[in-house]
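Student: Handing you a structure now.
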Amino acid sequence: MNRSPYITNAPTVSIIMLKVLLALIPGIFAYVWIYGGGILVTISLATITALVSEAALLKLRQRPIRPYLSDLSAVVTAWLLALALPPLAPWWLVVVGTFFAIVIAKQLYGGLGYNPFNPAMVGYAVLLISFPIIMTKWPAPLVLAQTKLGFMDQLQFIFGNALPANVKMDAVTSATPLDYLKTQLMLKHEVHGITQAPIFGTWGAKGGELVTAAYLLGGLYLLQQRIISWHLPTAFLGALAAMSLIFYTLNPAHFADPLFHLMSGASMLCAFFIITDPISGPTTPRGKLYFAAGVGILTYLIRVYGGYPDGVAFAVLLMNMCVSLIDAHTQPRVFGHTKN
Amino acid sequence: MNSIIQFASRLIRGQTADTDAVHKFHGGVHPDGQKQQSTSAPIKKLAIPERLVLPLRQHVGYIPKIKVQVGERVLKGQMLAEAEGTLSAAIHAPTSGTVAAIGEEIIPHPSGLPDMCITLTPDGLDEWTTLHPVDWRNTDKKTLVANLRSSGIVGLGGATFPTHIKVRADGRSGIHTLVINAAECEPYITCDDMLMRERADEIVKGMEIVKFLLGAENCIVGIEDNKPEATAAMAEACKALPGTSVKVVPTLYPSGDARRLIHLVLGMEIPHDKRSTDVGVQVFNVATVLAIYRYFAYGEPAVDRIVTITGSVNSPRNFEVLFGTPLQTLIDAADGTKPGTTHFIMGGPMMGFDLPTIDVPITKAANCIIAATPDLFAPPPPAMPCIRCARCADACPVNLQPQELYWFSKSDNFEKARDYNLFDCIECGCCTYVCPSNIPLVQYYRYAKSEIIAADKAKEAADLARERNEFRLARIEREKLERAQKHAERAAAGKADSAKTADAVKTDAVKTESATAESAKTEQAKTAPAKPATETPAATASADDAKKAAIAAAIERAKALKAAAQSAEPQKKPATADTAGSSQPAQAEPAHAAEQTEADQAKADQAKKDKQALIAAAIERAKAQKLAAAQAGIAPRNVEDASPAVKAEISEIDAIREKARQAAKAQDSDPEA
């Protein structure tokens, strides 16, 4: 029997996923620093839901549970979804979103490797469409909040939807910069004046910049570890920056500058952790460029002209639909073949 | 603008600007070399074993023809089997001794199937036959190539392609560059490395001969940078040969693949549908070149080679081993295996294969034997689903998309796999090497390739069968017509007989009238024997005419049918109408019976006898033909009366059939298939 090659040298899927999780840790630290420990609860909830529902579905589908659970892909999905949700999301929101991501978006399509859409983004989109108010109710960063919620208060809010006595909801929440910018622009204010609001930091959201920077750090680690290829983040951030630069140059009063777009919302999370999901993305080098650039352009358009403050989730899902088309039309030239 | 695009695309493909002398190819992997184990000791000549088993199939191509008999004493270097056909290589006695057996033995092949071998019992004298060194500088190339054909030399890099085919006899090879493959990129293998370290001068002398044979102006030796000693030795030796250079290429598997090596040293991409010779480059392995030198300088045919024995053995090293030496002898020479050895791999760990048993001989293809343990080569963990990470695509030296090929192969979507250039896959194993999901990708491609080849073969056979069936239908149709014709003639003759004794009541007028009526009846009737009763020889003649016309019509119909069959399902032919038409004249006969005379009767009798004789002769001929055909193993057929068009068609089908048979034969004899 010819079963060559006899030797292999590859990180297993588990190792790859583990490194992705590792790369998320700086971002999570920054998150805790800015918004408090509630996010850890959310992440745990999402992780448990993901593992339980994945195990249940594997059992239903009569697949071996242990090897598939230990590939850690469900955990990655759970973490990404948790980090995309508002920090003080009620527990059921986390559970519903994660369940949807794992069961509908992943397992019902055939499990790992077969899902055409990014599961975390499917979960997020479902929640955003179903519960728009909760989904856009972000707490203010602790530095800005009039009332600071302790960890126990956050727990109580997550599980009991109850705030401590004499604390009003408005006191703990605030609009996100992307959201604020959008509503203020509609009121005919100019960008320059709007960004003077306290929720804006040097480049993006106050505090949020730190989280974004931490994601960037994790992303650079993934690049260095060759877990992700440079094509995706570069094309995404490049397209987003190019779009915002064009619009900003045309009318600085109405469009925020490129740096703001790069450092706000889910830009960095998307660049290094979301569009880099290999399963729902293209595989050819040129296809990766097109895909990521498409996500970048769509994200910008949805942010500026769409009905949602941030456009990452829908941009990713829309581009997921184009993946097979992109792959088919970006086949690289095979050695010894001339360009077709 | 174009240059910007080119630069950008090169950047995307991960290639830097080609300022380097060495041109990188896409992908490739860096497996741990493991070469130091077997390079610490010099090459050692292995003693003559007690028994040599020489498989006839040690090369790509046809099996050579055995020239010896059991019990015959042979001398070292004596030809035991002669190359048969173009793509074949001779087998020589590796030492003097007696032919002990000619029969089937297990050969070192992944299939593990036995094959024809010549077994030799050495007499220990190692007595050479008369050797004929060749003064190659003063001999014409045709003779040299003919010599090479009987040298038994094949590509010793592992491909075992008969060497004489790589050198064309007409001396007009069009080769400008000879590339010497010394990359030896697979882990563990060091036979070429050691050969270069120790016998660089002989290799360079061989290069001179091959360069001369090819008429090449340049010669480049491509060596991976993990063989500094060999590089130094070769560089030193190459000074003796003008127009030669040594080019060091980075250690990257599979740089030893001919197309990859040509790209590395020359920056040339051989088009996928062409051979390197089409662009003026020929590649020879170092060991092959040395064998050629020894053949011309000393007259020594291919009787031995350098083999690396390594892995889980006590003293890994390189041995000069006579072909046919049992593997056990080689293992013993390496001081035996370490505990835990489970099996042996022939070739490298990237493209080699498990030897079926330990009782296999060393052949021309055996460059390396690796004693394997589960620690050394762990069985692959269970495969996980593909996560489309495209690491395989990054590693593929052909720039294929292995993840897509895997998907198509797995879902039996072979057409798509072919569209994605499955057949450009060189099965180097880089994709499997880097796959995080442990998917045995190469095995999927091997499977898909074999399925496609089998399907193509089946399709060819089906096409052949269809054509044969069409021809058969046409023949049946023709025969039916012929039978009807004969029947009609017989009937006509019979009527003529009865007419003699019958009344002569019918008047001329009636006869003419009815004859006119009949002849107007159908087209066939015009050519049919309407009046022949009056003059029988004429009747025969016109009957022949009618027959010919009928055959022509049958051919026309067959052609039309074929055309129809190509556009739609073949339909059953409305043969009955035509047959009826051609038999009509028989009923017309009574009309002319009236004017028969005795003389006419005699003539008619004579004609009848003639006809019977003719028929008998035809039957005889058909029988003889059938017999001959049966002896020749070809399906019987009736073609004697066929028109040139039909005959041409038949020979065409024969040619197709013959081609298919040849192809099947070639496929059978190709060990790769």
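Student: Quickly run through the range A:96-114 and pick out the residues that are of a type in the set (Ser, Thr, Tyr) and over 13 Å from A:Ala74 (Cβ atoms).
Tutor: A:Tyr109, A:Tyr114
Student: Determine whether the range A:135-150 contains at least one residue that is part of a helix (DSSP H, G or I), of a type outside the set (A, V, I, L, M, F, W, C) and open to solvent by 50 Å² or more (accessible area, probe 1.4 Å).
Tutor: no
Student: If you scan the range B:407-417, which residues turn out to be free of Cβ contacts under 8 Å to residues at least 40 places away in the same chain and more than 11 Å from chain A (Cβ to nearest Cβ)?
Tutor: Answer for the range B:407-417, where residues must be free of Cβ contacts under 8 Å to residues at least 40 places away in the same chain and more than 11 Å from chain A (Cβ to nearest Cβ): B:Ser409, B:Lys410, B:Ser411, B:Asp412, B:Asn413, B:Glu415, B:Ala417.
Student: Continuing with this model, one more query. In the range B:338-355, how many residues are assigned to a loop (DSSP other than H, G, I, E, B), within 27 Å of the chain's Cα centre (by Cα) and at the interface with chain A (Cβ under 9 Å from one of its Cβ atoms)?
Tutor: So the answer is 5.
Student: Exactly one of (1) within 25 Å of A:Gln225 (Cα to Cα); (2) more than 14 Å from every other protein chain (Cβ to nearest Cβ); (3) open to solvent by 20 Å² or more (accessible area, probe 1.4 Å); (4) touching a Leu at 6+ places or on another chain (Cβ under 8 Å) is unmet by A:Tyr35. Its number?
Tutor: Unmet condition: (1).
Student: Of A:Leu24, A:Leu40, A:Leu80, A:Leu85, which residue is surrounded by fewer than 22 Cβ atoms within 10 Å (Cβ to Cβ) and away from chain B (no Cβ under 12 Å)?
Tutor: Details: A:Leu24 fails: surrounded by fewer than 22 Cβ atoms within 10 Å (Cβ to Cβ); A:Leu80 fails: surrounded by fewer than 22 Cβ atoms within 10 Å (Cβ to Cβ); A:Leu85 fails: surrounded by fewer than 22 Cβ atoms within 10 Å (Cβ to Cβ).
Residue meeting the stated conditions: A:Leu40.
Student: If B:Ala372 satisfies all but one of (1) touching a helix residue (DSSP H, G or I) at 6+ places or on another chain (Cβ under 9 Å); (2) within 12 Å of chain A (Cβ to nearest Cβ); (3) open to solvent by less than 30 Å² (accessible area, probe 1.4 Å), what's the number of the condition it fails?
Tutor: So B:Ala372 meets the others, but not (1).
Student: What are the pairs with Cβ atoms under 7 angstrom where one residue, in the range B:251-270, is farther than 25 Å from B:Pro349 by Cα and the other, located anywhere, is hydrophobic (A, V, I, L, M, F, W, C) and open to solvent by 30 Å² or more (accessible area, probe 1.4 Å)? Sequence gap at least six, or different chains.
Tutor: B:Met268/B:Val279; B:Ile270/B:Val279
Student: Another question, if that's okay. For residues in the range B:418-444 being more than 8 Å from every other protein chain (Cβ to nearest Cβ) and among the aliphatic types (A, V, I, L, M), which is most open to solvent (accessible area, probe 1.4 Å)?
Tutor: Among them, the one singled out is B:Ile426.
Student: A further question follows. Identify all residues within the range A:1-21 that are open to solvent by 20 Å² or more (accessible area, probe 1.4 Å) and of a type in the set (Gly, Ala, Ser); write none if there are none.
Tutor: Result: A:Ala10, A:Ser14.
Student: Being among the hydrophobic types (A, V, I, L, M, F, W, C), surrounded by fewer than 19 Cβ atoms within 10 Å (Cβ to Cβ) and more than 23 Å from B:Arg57 (Cβ to Cβ) narrows it down to one of B:Trp128, B:Trp136, so name that one.
Tutor: Selected residue: B:Trp128, the only one of B:Trp128, B:Trp136 that is among the hydrophobic types (A, V, I, L, M, F, W, C), surrounded by fewer than 19 Cβ atoms within 10 Å (Cβ to Cβ) and more than 23 Å from B:Arg57 (Cβ to Cβ).
Student: Within the range A:163-177, can you find the residues that are part of a loop (DSSP other than H, G, I, E, B) and surrounded by 11 or more Cβ atoms within 10 Å (Cβ to Cβ)?
Tutor: A:Leu163, A:Pro164, A:Val167, A:Ser174, A:Ala175, A:Thr176
Student: Just to confirm my filter: which helices (runs of 4 or more DSSP H) fall fully inside the range A:257-340 and include at least 1 residues that are surrounded by 22 or more Cβ atoms within 10 Å (Cβ to Cβ) and away from chain B (no Cβ under 13 Å)? Spell out the reasoning first.
Tutor: Numbers: elements: A:258-263, A:285-305, A:312-321, A:323-329.
The qualifying helices (runs of 4 or more DSSP H) are A:258-263, A:285-305, A:312-321.
Student: Is it the case that some residue within the range B:223-230 is assigned to a helix (DSSP H, G or I) and open to solvent by less than 20 Å² (accessible area, probe 1.4 Å)?
Tutor: The answer is yes; a qualifying residue exists.
Student: Go through (1) without any contact (Cβ under 8 Å) to a residue 60 or more places away in the chain; (2) in contact with a strand residue (DSSP E or B) (Cβ under 8 Å, 6 or more places away or on another chain); (3) surrounded by 18 or more Cβ atoms within 10 Å (Cβ to Cβ) for B:Ala200 and report which single condition fails.
Tutor: In the conditions (1) without any contact (Cβ under 8 Å) to a residue 60 or more places away in the chain; (2) in contact with a strand residue (DSSP E or B) (Cβ under 8 Å, 6 or more places away or on another chain); (3) surrounded by 18 or more Cβ atoms within 10 Å (Cβ to Cβ), B:Ala200 misses (2) alone.
Student: Scanning for something touching a residue at least 40 places away in the same chain (Cβ under 8 Å) and within 14 Å of chain A (Cβ to nearest Cβ), does the range B:280-298 turn up at least one residue?
Tutor: Yes, there is a match, as at least one residue in the range B:280-298 is touching a residue at least 40 places away in the same chain (Cβ under 8 Å) and within 14 Å of chain A (Cβ to nearest Cβ).
Student: Further, regarding this structure: Does B:Asp394 meet the test of being within 9 Å of another protein chain (Cβ to nearest Cβ), open to solvent by 50 Å² or more (accessible area, probe 1.4 Å) and of a type in the set (D, E, K, R)?
Tutor: yes
Student: From the list A:Gly111, A:Gly123, which residue is free of Cβ contacts under 8 Å to residues at least 60 places away in the same chain and in a loop (DSSP other than H, G, I, E, B)?
Tutor: That would be A:Gly111, the only listed residue that is free of Cβ contacts under 8 Å to residues at least 60 places away in the same chain and in a loop (DSSP other than H, G, I, E, B).
Student: While we're here: Return yes when B:Asn399 is out of contact with any helix residue (DSSP H, G or I) (no Cβ under 6 Å at 6 or more places or on another chain) and within 11 Å of chain A (Cβ to nearest Cβ) and no when it is not.
Tutor: On the way: out of contact with any helix residue (DSSP H, G or I) (no Cβ under 6 Å at 6 or more places or on another chain): yes; within 11 Å of chain A (Cβ to nearest Cβ): yes.
Yes.
Student: Let me ask another. If you scan the range A:148-193, which residues turn out to be in contact with a strand residue (DSSP E or B) (Cβ under 9 Å, 6 or more places away or on another chain), modelled with pLDDT of 80 or more and aliphatic (A, V, I, L, M)?
Tutor: A:Leu178, A:Leu181 - these are the residues of the range A:148-193 that are in contact with a strand residue (DSSP E or B) (Cβ under 9 Å, 6 or more places away or on another chain), modelled with pLDDT of 80 or more and aliphatic (A, V, I, L, M).
Student: Is there any pair with a first residue in the range A:48-76 that is closer than 20 Å to B:Ser437 by Cβ and a second that is among the aromatic types (Phe, Trp, Tyr) whose Cβ atoms are under 8 Å apart and which are 6 or more apart or on different chains, and what are they?
Tutor: Within 8 Å, the pairs are A:Glu54/A:Tyr68; A:Leu58/A:Tyr68.
The values are calculated or read from the model by the stated rules, or taken from the named source; none is laboratory data. Note that this is a predicted model, so its numbers are computed, not measured. Neighbour counts run over all protein chains shown; Cβ positions are idealised from the backbone, glycine included. Just the protein is used for accessible areas: all its heavy atoms, side chains included, with ligands, DNA and RNA removed. Shrake-Rupley method; radii C 1.70, N 1.55, O 1.52, S 1.80 Å.
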